[in-house]
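Here's the structure we're looking at; comments come further down.
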Amino acid sequence: MLIINGRLVTNDAPGILTDHALLIDNGVISAIAPQAELMEQHAQVERLDARGQLIMPGNICAHTHFYGAYARGMAIPGEPARDFPEILRRLWWNLDKALDADAVRLSALVSLIDAIKHGTTTLIDHHASPNHIDGSLDLIADAVRAAGVRAVLAYEVSDRDGEAQAEAGIAENVRAISRYAGDQQIGALFGLHASLSLSDRTLRACADANPGGGFHIHVAEHEADEHDALERYNLRVIPRLHEFGILGEHSIAAHCVHIDAAELDIIALTGTWITHQPRSNMNNAVGAMRFDEFMARGVNVGIGNDGFSNNMWAEWKTAYLLHKVVSRDARAANGTDIYHAAVANNARLAGQILGGTFGKLAVGARADLILVDYDEFTPLHAGNLPWHILFGFEASMVTTTIVNGRILMLDRQLTTLDERAIMREALAHAPRVWEAYRAFAGDN
């Protein structure tokens with residue numbers, strides 16, 4: 001496919017190209033050259049007319065939860081939760097128990113529809129369904145294949161539902177890691193919930209089951225995680241995980257809001273990835289990670305959404321503003337750093353897991369692209385692109401989404417999924433999920 005009549009935002013030198021076209025072959029970008037030249041050389045190739053739009057790499061989400069889709073609009077019984085541990089106990093740990101096979105499948109599908117419409121082409125998911133563990137990641141993988149996006153899957157092992165569920169979660173991770181090894185569309189990491197819900201015995205079993213492999217775990221999202229580790233193990237969270245070999249350049253530590261300087265040293269030393277989810281952190285009132293300090297240290301920081309909408313530009317904008325409020329310093333969370341974390345770092349993380357080059361328009365890079373209908377009224381160039389995105393871009397401007405050279409949405413119409421049919425099915429299933437949730441919430 002030859003994409004013509006657009007402006008190429010390469011996220012790479014030379015920046016933004018006009019009068020150029022882009023050729024896709026076998027799922028990768030095979031040529032970028034003056035448009036007239038490519039049109040002459042490839043006269044018989046299918047053409048996609050961008051009609052003056054921006055042609056950009058698709059967005060990447062470094063940490064999400066498809067399974068949380070059924071929480072939208074749900075009423076939590078009783079008084080509002082006082083803090084994040086209570087939110088976990090009263091909402092998330094009851095909702096995940098309410099998920100059956102259909103709910104797992106449908107929550108993934110509606111999340112993937114949302115991703116395609118928002119131009120998010122790769123997502124790193126973290127799943128929990130303690131009453132339907134075996135095969136749950138395959139249900140999600142089937143949805144990912146149907147949608148056409150890329151995803152990295154994990155099942156969050158926890159002791160909170162008992163020994164049998166912890167062992168089943170371990171087995172599900174091991175099976176998925178083996179099954180999706182080498183798959184360029186679907187990858188897998190070994191999922192763990194958090195230090196506060198994992199005993200030494202279970203952590204050891206997880207480490208033994210995945211020697212040298214990557215893990216995906218929540219870290220110090222709230223102070224309770226650190227307090228628990230200190231009270232029960234006389235260690236903070238990061239040193240505890242490090243003792244078990246959980247950290248490393250292939251592992252993701254989501255949030256890291258309350259880690260201290262010594263813990264950051266370990267993260268930097270091991271090359272562990274940190275993901276920042278500012279909308280979730282604000283919603284749960286857990287605080288703000290030290291973004292500028294982490295970036296200054298050269299730590300691998302990516303940006304996720306923690307199950308919020310897959311509008312990743314909204315996540316960028318929230319991060320940009322949050323740290324200015326927290327620090328009362330308008331210089332905090334510079335747009336260049338936000339852009340680097342969300343684009344370059346997220347792309348490196350995706351490429352590390354799935355293989356290949358992500359996040360740029362360059363020969364040999366994955367053909368995961370979006371068309372953006374943005375008409376700027378001030379100059380747009382590579383140097384000020386982050387600020388155009390932060391202050392000018394809206395998710396509604398995404399008109400076309402392409403992954404692996406395959407069109408998933410064209411002129412805002414989905415081509416791989418029947419959105420209305422999936423939404424009807426998801427809505428019809430919601431009362432069953434909410435009824436089960438209320439039963440579990442009542443038991444607690």
TODO: Name the single residue, out of those in region 381-391 being hydrophobic (A, V, I, L, M, F, W, C) and open to solvent by less than 30 Å² (accessible area, probe 1.4 Å), that is nearest to Leu17 (Cα to Cα).
DONE: Leu385
Open item on the list: Being out of contact with any Asp or Glu (no Cβ under 7 Å at 6 or more places or on another chain), at pLDDT 95 or above and closer than 30 Å to Ile4 by Cβ is true for just one of Val363, Val403, Val326, Val299. Which residue is that?
Closed with: Val363
Task: Number of the condition not met by Ala285 [criteria: (1) in contact with a His (Cβ under 8 Å, 6 or more places away or on another chain); (2) in a loop (DSSP other than H, G, I, E, B); (3) small (Gly, Ala, Ser)] - done: (1)
- [ ] Considering each of Ala421, Ala362, Ala426, Ala344 in turn, give the residue that is within 25 Å of Gly148 (Cα to Cα) and in a loop (DSSP other than H, G, I, E, B).
- [x] Ala362
Open item on the list: Given the criteria open to solvent by 20 Å² or more (accessible area, probe 1.4 Å), among the aromatic types (Phe, Trp, Tyr) and either within 23 Å of Ser107 (Cβ to Cβ) or touching an Asp or Glu at 6+ places or on another chain (Cβ under 9 Å) (or both), does Phe308 qualify?
Closed with: yes
Task: Failed condition for His42, given (1) of a type outside the set (Phe, Trp, Tyr); (2) open to solvent by less than 40 Å² (accessible area, probe 1.4 Å); (3) at pLDDT 95 or above - done: (2)
TODO: Check whether at least one residue in region 283-291 is over 20 Å from the mean Cα position of the chain (by Cα), farther than 20 Å from His222 by Cβ and surrounded by fewer than 18 Cβ atoms within 10 Å (Cβ to Cβ), and report yes or no.
DONE: no
Task: Matching residues, region 392-409, being of a type outside the set (Val, Ile, Thr), in contact (Cβ under 8 Å) with a residue 24 or more places away in the chain and open to solvent by 10 Å² or more (accessible area, probe 1.4 Å) - done: Glu394, Ala395, Met397, Asn404, Gly405, Arg406
Task: From Glu221, Glu263, residue being part of a helix (DSSP H, G or I), closer than 15 Å to Met289 by Cα and touching a helix residue (DSSP H, G or I) at 6+ places or on another chain (Cβ under 7 Å) - done: Glu263
- [ ] Would you point out which residue out of Ile170, Ile177 is surrounded by fewer than 23 Cβ atoms within 10 Å (Cβ to Cβ), more than 21 Å from Ala62 (Cα to Cα) and free of Cβ contacts under 8 Å to residues at least 60 places away in the same chain?
- [x] Ile170
Open item on the list: Any residue in region 65-80 that is open to solvent by 70 Å² or more (accessible area, probe 1.4 Å) sitting within a Cβ distance under 7 Å of a residue that is in a loop (DSSP other than H, G, I, E, B) and not β-branched (Val, Ile, Thr)? List the pairs, counting only those 6 or more apart or interchain.
Closed with: none
Task: Verdict on Arg89 being closer than 29 Å to Glu167 by Cα and either among the β-branched types (Val, Ile, Thr) or open to solvent by 20 Å² or more (accessible area, probe 1.4 Å) (or both) - done: yes
Task: Only one of His132, His127, His118 that is free of Cβ contacts under 8 Å to residues at least 40 places away in the same chain and either within 19 Å of Ala426 (Cα to Cα) or in contact with a helix residue (DSSP H, G or I) (Cβ under 7 Å, 6 or more places away or on another chain) (or both) - done: His132
TODO: Tell me, please, whether a residue that is within 23 Å of Pro57 (Cβ to Cβ), basic (Lys, Arg) and open to solvent by less than 10 Å² (accessible area, probe 1.4 Å) can be found in region 148-160.
DONE: yes
TODO: Evaluate region 313-321: report whether one residue or more is part of a helix (DSSP H, G or I), of a type in the set (Val, Ile, Thr) and open to solvent by 20 Å² or more (accessible area, probe 1.4 Å).
DONE: yes
Task: Close pairs from region 335-363: first more than 24 Å from Phe291 (Cα to Cα) and open to solvent by 10 Å² or more (accessible area, probe 1.4 Å), partner part of a helix (DSSP H, G or I) and charged (D, E, K, R), Cβ under 8 Å, at least 6 apart - done: none
Open item on the list: Quick check on Leu23: is it among the hydrophobic types (A, V, I, L, M, F, W, C) and either in contact with a Ser or Thr (Cβ under 8 Å, 6 or more places away or on another chain) or open to solvent by 40 Å² or more (accessible area, probe 1.4 Å) (or both)?
Closed with: yes
Task: Count of region 1-20 residues which are at pLDDT below 95 and surrounded by 19 or more Cβ atoms within 10 Å (Cβ to Cβ) - done: 1
Task: Members of region 182-193 found to be hydrophobic (A, V, I, L, M, F, W, C) and either free of Cβ contacts under 8 Å to residues at least 40 places away in the same chain or in a loop (DSSP other than H, G, I, E, B) (or both), listed by number - done: Leu189, Phe190
- [ ] Working only within region 413-431, note down all residues that are touching a residue at least 12 places away in the same chain (Cβ under 8 Å), open to solvent by 30 Å² or more (accessible area, probe 1.4 Å) and either in contact with a strand residue (DSSP E or B) (Cβ under 6 Å, 6 or more places away or on another chain) or within 30 Å of Arg89 (Cα to Cα) (or both).
- [x] Thr416, Met423, Glu425
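The values are calculated or read from the model by the stated rules, or taken from the named source; none is laboratory data. All of these numbers come straight from a predicted model, not from anything done at the bench. Backbone-built Cβ (ideal geometry, glycine too); neighbour counts: all protein chains shown. Each accessible area value is taken on the protein alone, full model and side chains, heavy atoms only, with ligands, DNA and RNA left out. Shrake-Rupley method; radii C 1.70, N 1.55, O 1.52, S 1.80 Å.
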